[in-house]
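Asks: Pasting a structure below so you can have a look.
The values are calculated or read from the model by the stated rules, or taken from the named source; none is laboratory data. Predicted model only: the values in this text are computed from it and were never measured. We place every Cβ from the backbone using ideal geometry, glycine too, and count neighbours over all the protein chains shown. Each accessible area value is taken on the protein alone, full model and side chains, heavy atoms only, with ligands, DNA and RNA left out. Shrake-Rupley method; radii C 1.70, N 1.55, O 1.52, S 1.80 Å.
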Amino acid sequence: MVGEDTELPCHLPTNVSAEHLELRWFRKEVSQPVLVLRDGQEQEGEQMPQYRGRVTLVKNDISTGHFAVMIRGIRASDDGEYRCLFKDDGSSTIALLHLKVAALGFDPHIRMEVQENGEIWLECTSVGWYPEPQVQWRTPKGERFPSTSEAKDPDQEGLFTVASSVIIRDTNTEKVSCYIHNLLLDQGKEAEIFIPALLFPRLTPWIVAVVVILVVLGLVTTGCIFFTWRLYKERSKERKNALSPKDRVLEELKWKKSTVHAVDVTLDPDTAHPNLLLHDDLKSVQLEDSCQTWPEKSERFDSWPCVLGREAFISGRHYWEVEVGDRIDWVVGVCSENVKRKGFDPIVPENGFWALELYENEYWALNPRRTPLLMSNHFHRVGIFLDYESGNVYFYNMTNGSHIYTFSKMSFSGPLRPLFCLWSSGDQPLTICPLTDGPEVVTVMANAQDISKEIPLYPMGEDSQVTDTFHSELIPKPPRQGAP
């Protein structure tokens, strides 16, 4: 396997010492030496450059006629024939050996786009395969789809990068998987993706007629709804002015439940790396060359330039968006509440991180082996959807609405928090996007008997309960303004 060490065995027909012989390992030609032993000394100057420092003699068997060598850090280029030569006084003996090299690549990644004609375009990519693998598109029932395009190109190390695409036209197809198979190992890796019901049937004349009628009825209905809404809005304003503090809380709770999964995320200054600058609204973060005046905190990151969101999620579904703009590097995602914040623990799922990264103009899913994401264009806004119970973290390109990557069937335990990291300074920050069509901030009295105490009311979680009195358990404190 690529990266492992292997031993190439060779020995004389009889148990005769080979110490006085000239011994040589080479590829197809004698002029391609892998290792040469003469007068009991290794001749490093005669080795091919790609084997220097990687090939060593297993010396403990030379006295019995064995001339084994160890190749360390196997590469794809090491695949092929090797010849072992014993030479003595003009006579020689040669043995042939064939070394087979294999590599099982990264987990495949599927990218999906909806074409203008309603068809679904899927692209499956993976890197690090050897020898050249096979790609199959199939459904859970075993139905196979032919690839519309396929490329298998070796990189500088000889490992194959695979890119295969397919067009889905069948509206009944709900799930498709991409299976990449290494024939030499008879092993493979598979990724699957759910296909949303976005396709529409071909239009027939009677459908067109129905559509026209529905459009006309829709316009008439829309007009009626609009005038009704205007009337309702005016009366709602009048009624809102007369609401008691408790009624206002109930109105806000109703609005919050209607937003379903969207959450209002803010940054937590107590977790921010010393070189991070948080804006006063705690919605934007920048990396500075100099340290900020943050107090020392046990929960603060001291090595990775990261900051967490204040919000912690222990169940349910939650969605937020981050404006990354034209920045050339960033990391966004979620992490466990108890991740290590001192030192340089890798940002991978095993350490409690589920995140995407843009670094050196390339996108990556931060798995243990860093899965590359082959994106056709840069995007400026990322949507993050956490489904706690199912163990999934979805990432979406909100520039065109396409799916980017999913950490699926993870085992979450304990609270999860939004994660934001920056690798370089710059004028453009990472910015948490505001909730669309959110309510205006209103003010209610903390105690009806004390009109001098007023607390701003912010959107609350879906599971919040209304009580008869108004205390801090019901109305969360607003985010602190600016750095501590």
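Asks: So P269 ticks every box in (1) open to solvent by less than 90 Å² (accessible area, probe 1.4 Å); (2) at pLDDT below 85 but one. Which box is left unticked?
Replies: Just one mismatch for P269, condition (2).
Asks: So if I check each of E29, E7, which one is acidic (D, E) and more than 30 Å from V127 (Cα to Cα)? Don't jump to the end; show me each part of the working.
Replies: Details: E7 fails: more than 30 Å from V127 (Cα to Cα).
It is E29.
Asks: Tell me, yes or no, whether region 437-453 has at least one residue that is under 30 Å from I195 (Cα atoms) and modelled with pLDDT under 90.
Replies: yes
Asks: Mind checking whether some residue in region 336-354 is part of a loop (DSSP other than H, G, I, E, B), of a type outside the set (G, A, S) and closer than 23 Å to T125 by Cα?
Replies: Of the residues in region 336-354, the ones part of a loop (DSSP other than H, G, I, E, B) are 337-348, 352.
The next check asks that each one be of a type outside the set (G, A, S); those that pass are 337-342, 344-348.
If we keep only those that are closer than 23 Å to T125 by Cα as well, we get 347-348.
Looking through region 336-354, at least one residue is part of a loop (DSSP other than H, G, I, E, B), of a type outside the set (G, A, S) and closer than 23 Å to T125 by Cα.
Asks: Return only the number of the condition from (1) assigned to a strand (DSSP E or B); (2) open to solvent by less than 30 Å² (accessible area, probe 1.4 Å); (3) in contact with an Asp or Glu (Cβ under 8 Å, 6 or more places away or on another chain) that N367 does not satisfy.
Replies: (1) is the only condition that N367 fails.
Asks: Q115 versus (1) modelled with pLDDT of 90 or more; (2) closer than 30 Å to F395 by Cα: which is the lone unmet condition?
Replies: Failing condition for Q115: (1).
Asks: While we're looking at this one, here's another question. Inspect all residues belonging to region 369-384 and state whether any of them is of a type outside the set (V, I, T), touching a Cys at 6+ places or on another chain (Cβ under 8 Å) and in contact (Cβ under 8 Å) with a residue 40 or more places away in the chain.
Replies: Filtering region 369-384 down to residues of a type outside the set (V, I, T) leaves 369-370, 372-381, 383.
Right, trim to touching a Cys at 6+ places or on another chain (Cβ under 8 Å) and you get 381.
Retained after the next criterion (residues that are in contact (Cβ under 8 Å) with a residue 40 or more places away in the chain): 381.
Yes; the residues of region 369-384 include at least one that is of a type outside the set (V, I, T), touching a Cys at 6+ places or on another chain (Cβ under 8 Å) and in contact (Cβ under 8 Å) with a residue 40 or more places away in the chain.
Asks: Could you please find all residues in region 93-122 being surrounded by fewer than 19 Cβ atoms within 10 Å (Cβ to Cβ) and under 16 Å from the mean Cα position of the chain (by Cα)?
Replies: Selection gives D107, M112.
Asks: Which is at pLDDT below 85 and either open to solvent by 50 Å² or more (accessible area, probe 1.4 Å) or in contact with a strand residue (DSSP E or B) (Cβ under 8 Å, 6 or more places away or on another chain) (or both), of K283, K256, K240? Break it down into steps so the answer makes sense when it comes.
Replies: Working: K283 fails: at pLDDT below 85; K256 fails: either open to solvent by 50 Å² or more (accessible area, probe 1.4 Å) or in contact with a strand residue (DSSP E or B) (Cβ under 8 Å, 6 or more places away or on another chain) (or both).
Result: K240 is the single residue among K283, K256, K240 that is at pLDDT below 85 and either open to solvent by 50 Å² or more (accessible area, probe 1.4 Å) or in contact with a strand residue (DSSP E or B) (Cβ under 8 Å, 6 or more places away or on another chain) (or both).
Asks: Counting just the residues of region 38-80 that are acidic (D, E) and on the phi < 0 side of the Ramachandran plot, which one comes out most open to solvent (accessible area, probe 1.4 Å)?
Replies: Filtering region 38-80 down to residues acidic (D, E) leaves 39, 42, 44, 46, 61, 78-79.
Next, from what is left, pick out any that are on the phi < 0 side of the Ramachandran plot: 42, 44, 46, 61, 78-79.
Details: E42: 61, E44: 123, E46: 68, D61: 53, D78: 1, D79: 47 Å².
Among those residues, the one meeting the criterion is E44.
Asks: If I ask for residues that are in contact with a Ser or Thr (Cβ under 8 Å, 6 or more places away or on another chain) and in a loop (DSSP other than H, G, I, E, B), which ones from region 292-325 would you list? Break it down into steps so the answer makes sense when it comes.
Replies: Of all residues in region 292-325, those in contact with a Ser or Thr (Cβ under 8 Å, 6 or more places away or on another chain) come to 297, 299-301, 306-311, 322-323, 325.
Within region 292-325, K297, E299, R300, F301, R310, E311, G325 qualify.
Asks: For region 290-327, what are the residues that are touching a Gly at 6+ places or on another chain (Cβ under 7 Å) and polar (S, T, N, Q)?
Replies: Once the filter is applied, which keeps residues that are touching a Gly at 6+ places or on another chain (Cβ under 7 Å) and polar (S, T, N, Q), region 290-327 yields only S303.
Asks: Right, next: Report whether or not N338 is open to solvent by 40 Å² or more (accessible area, probe 1.4 Å) and either under 24 Å from F106 (Cα atoms) or in contact with a helix residue (DSSP H, G or I) (Cβ under 6 Å, 6 or more places away or on another chain) (or both). Before the answer, list the steps.
Replies: On the way: open to solvent by 40 Å² or more (accessible area, probe 1.4 Å): yes; either under 24 Å from F106 (Cα atoms) or in contact with a helix residue (DSSP H, G or I) (Cβ under 6 Å, 6 or more places away or on another chain) (or both): no.
No; evaluated as a whole, the condition is false for this residue.
Asks: I've got another one for you. Has region 376-395 got at least one residue that is in a loop (DSSP other than H, G, I, E, B) and closer than 25 Å to H273 by Cα? Don't jump to the end; show me each part of the working.
Replies: Filtering region 376-395 down to residues in a loop (DSSP other than H, G, I, E, B) leaves 376-380, 388-391.
Narrowing the set further to residues that are closer than 25 Å to H273 by Cα leaves 380.
Yes - at least one qualifying residue is present in region 376-395.
Asks: Which residues, counting only those in region 1-30, are assigned to a loop (DSSP other than H, G, I, E, B), within 30 Å of L185 (Cα to Cα) and open to solvent by 50 Å² or more (accessible area, probe 1.4 Å)? Lay out the reasoning, then the answer.
Replies: Within region 1-30, the subset assigned to a loop (DSSP other than H, G, I, E, B) is 1-5, 9-10, 12-21, 27-30.
Still in the running and within 30 Å of L185 (Cα to Cα): 1-5, 9-10, 27-29.
Across region 1-30, the qualifying residues are M1, V2, G3, E4, D5, P9, K28, E29.
Asks: Can you tell which of K409, K342 is of a type in the set (K, R), free of Cβ contacts under 8 Å to residues at least 60 places away in the same chain and closer than 21 Å to C306 by Cα? Reasoning before the result, please.
Replies: Numbers: K409 fails: closer than 21 Å to C306 by Cα.
After ruling out the rest, the residue left standing is K342.
Asks: Only one of these is over 21 Å from K283 (Cα atoms), surrounded by fewer than 20 Cβ atoms within 10 Å (Cβ to Cβ) and in contact with a Ser or Thr (Cβ under 7 Å, 6 or more places away or on another chain): N361, N392. Name it. Outline the logic, then answer.
Replies: Details: N361 fails: in contact with a Ser or Thr (Cβ under 7 Å, 6 or more places away or on another chain).
It is N392.
Asks: Out of D264, D247, which single residue is at negative phi and modelled with pLDDT of 65 or more? First the steps, then the outcome.
Replies: Values: D247 fails: modelled with pLDDT of 65 or more.
Answer to the check: D264.
Asks: When the residues of region 305-326 are narrowed to those that are surrounded by fewer than 20 Cβ atoms within 10 Å (Cβ to Cβ) and charged (D, E, K, R), which ends up farthest from C433 (Cα to Cα)?
Replies: R317
Asks: Could you check region 105-150 and list, in sequence order, the residues that are under 18 Å from K175 (Cα atoms), without any contact (Cβ under 8 Å) to a residue 60 or more places away in the chain and among the small types (G, A, S)?
Replies: G142, S147
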